[in-house]
Amino acid sequence: EKQLEAVTSTEGYLRVIAGAGSGKTKLLVSRYAYLVKEYGIDSSNILCVTFTNKAAGEMKRRIRALIGGEYDTSLICTYHGFCVRVLREDVEKIFFPKEFQIIDNTQQKAILGEIYQKFELKLDHGSFEKIVRQISRYKTLNRNYVAKMCCTDKMQILEEINTLDDQIIEAYLQHQKQIYAMDFNDLLYFTIDVFSRCEDVVVKWQDRLNYIQVDEFQDSSKTEMQLINMLSQKHKNLMIVGDPDQNIYEWRGSNVNLLVDFDKTHIP
C-alpha cells in the first residue's frame, strides 16, 4: 500500500525511508515507469541517480523491461555520469576540450609516481593514500581551485606553498590542468561551478529535468545535495529513497543527516 502511494505521488519533495530488501529499487523503477506510461512524461526529462555504474545499469535494464527499449534512458546514471554529460555538453564554459580525460585511482597513482620521482621520493601505498586524501581535502575546502584549473594562464593553483606536500599537490594539479584531466571529485565541483557561473546552463537543465529521483540517498554528500538542489529549483519534483542504517560512504563525505533531516529542509 505504501509502495503504491509512493509510486503514484508525482509532485513535490518526497522522502522514502525503507530497510534492506524492502523493495526500494522496485519502487524507483515502478515510479519511473508510471511517470512515463501513465503520466506522459518524456523519459529524457527524468533524472534517476544512483551510486555505481552497476546499479545504474541494473536500474536501466529493469526500467526498459517495463516501458520498452525505444525510450531515452540515458539520464539513469551515477552522479559522476550525469556531471560528465553536463560538462561535455557545455565544455566551452570550462575551456577544456570536449573529450577531456577522467582519471581513476590507477591513473592518479601513475601521475603521483612521476611527481614523487622528481622529488626523489618513494611512493608506497601509505604515502599514496595520504596524499590522495590531502588532494581531496584541499579540493573540498578550496572550491576556487576550479577557476584556476579552467584559466588558460599558467598560474599557481594553491594559495600558499609552504611544505613538501603542498609542492606535490601543486605539481599534481598543474599536471591535471596540462593534460585536461578530471578526477571524480572534479566532476562534481566543476559542474557546480558551471551552474553557479552560467545561468543559461543551469536554467537549461532545470527546465529539462521535470522529475529527479535519487536512490541510496543515505550515501549522498553535501556536495551531491547541493547539485541536486540546484537542479530541482524550478519544478521541485524530487524523490529521495534511502535507509539510514546502510550508510557506507562516510569515509568519502556522505552525510546520513541529509536523509534524516530532509523533511525539515525540503518538505513544508
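Computed quantities for the displayed model
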{"quantity": "Packing-based order for 199-210, 222-233, 149-160, using average beta carbon neighbours within 10 Å, highest first", "calculated": "222-233, 199-210, 149-160"}
{"quantity": "Using θ = phi - 60° and Karplus 6.51 cos²θ - 1.76 cosθ + 1.60, couplings along the stretch 23-35 (whole Hz; Gly, Pro as x)", "calculated": "x, 5, 5, 4, 4, 4, 4, 5, 5, 4, 4, 5, 4"}
{"quantity": "Under-5 Å amide H pairs with I41, H placed in peptide plane, nonlocal only", "calculated": "V36"}
{"quantity": "Contour excess over end-to-end distance, with Cα ends at Y13 and R88 and 0.36 nm allotted per residue", "calculated": "24.1 nm"}
{"quantity": "Peptide ranges 162-171, 179-188 listed from the most packed, as the mean C-beta count within 10 angstrom indicates", "calculated": "179-188, 162-171"}
{"quantity": "Cα gyration tensor, the stretch 31-186 - rounded (a/c under 1.5), prolate or oblate", "calculated": "prolate"}
{"quantity": "Of Y211, Y189, Y116, the one that fluctuates the most in a GNM where the chain has Cα springs shorter than 10 Å", "calculated": "Y116"}
{"quantity": "Only Lys, Arg (+1) and Asp, Glu (-1) charged, at Cβ; the chain dipole about Cα centre in debye", "calculated": "360"}
{"quantity": "Peptides 260-267, 7-14 ordered by average Cβ neighbours within 10 Å, highest first", "calculated": "7-14, 260-267"}
{"quantity": "Separation in nanometres of the label points that stand 7 Å from Cα toward Cβ, at E38 and T106", "calculated": "4.5"}
{"quantity": "Gyration tensor (Cα) of the stretch 1-106, equivalent ellipsoid semi-axes in angstrom", "calculated": "29, 16, 13"}
{"quantity": "Rounded to whole Å, sorted largest first: equivalent-ellipsoid semi-axes of the stretch 133-209, Cα gyration tensor", "calculated": "27, 13, 11"}
{"quantity": "Per-residue HN-Hα couplings for the stretch 159-175 [Karplus 6.51, -1.76, 1.60; θ = phi - 60°; Hz; x = Gly/Pro]", "calculated": "5, 9, 10, 10, 10, 5, 4, 4, 4, 5, 5, 4, 4, 5, 5, 5, 5"}
{"quantity": "Apportionment of accessible area to carbon and sulfur, the stretch 60-141, percent (1.4 Å)", "calculated": "51"}
{"quantity": "Helix-only CD estimate at 222 nm, as mean residue ellipticity for the chain, using -39500 (n - 2.57) per DSSP H run (n ≥ 4)", "calculated": "-15500 deg cm²/dmol"}
{"quantity": "Nearest-0.05 FRET efficiency for K54 and R133, computed from C-beta distance (R0 25 Å)", "calculated": "0.50"}
{"quantity": "Per residue accessible area of the chain, 1.4 Å probe, in Å²", "calculated": "50"}
{"quantity": "For the stretch 182-268: rounded, prolate or oblate by the Cα gyration tensor [a/c cutoff 1.5]", "calculated": "oblate"}
{"quantity": "Given (1) 36, 24, 15; (2) 39, 27, 16; (3) 37, 20, 17, the label whose value is semi-axes √(5λ) of the Cα gyration tensor in Å derived from this model", "calculated": "(3)"}
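The values are calculated or read from the model by the stated rules, or taken from the named source; none is laboratory data. Quick caveat: nothing in here was measured; it's all calculated off a predicted structure. Note: ideal-geometry Cβ built from the backbone for every residue, glycine included; neighbour counts use all protein chains shown. Please note that ligands, DNA and RNA were not included when accessible areas were found on the heavy atoms of the full protein model with its side chains. Shrake-Rupley method; radii C 1.70, N 1.55, O 1.52, S 1.80 Å.
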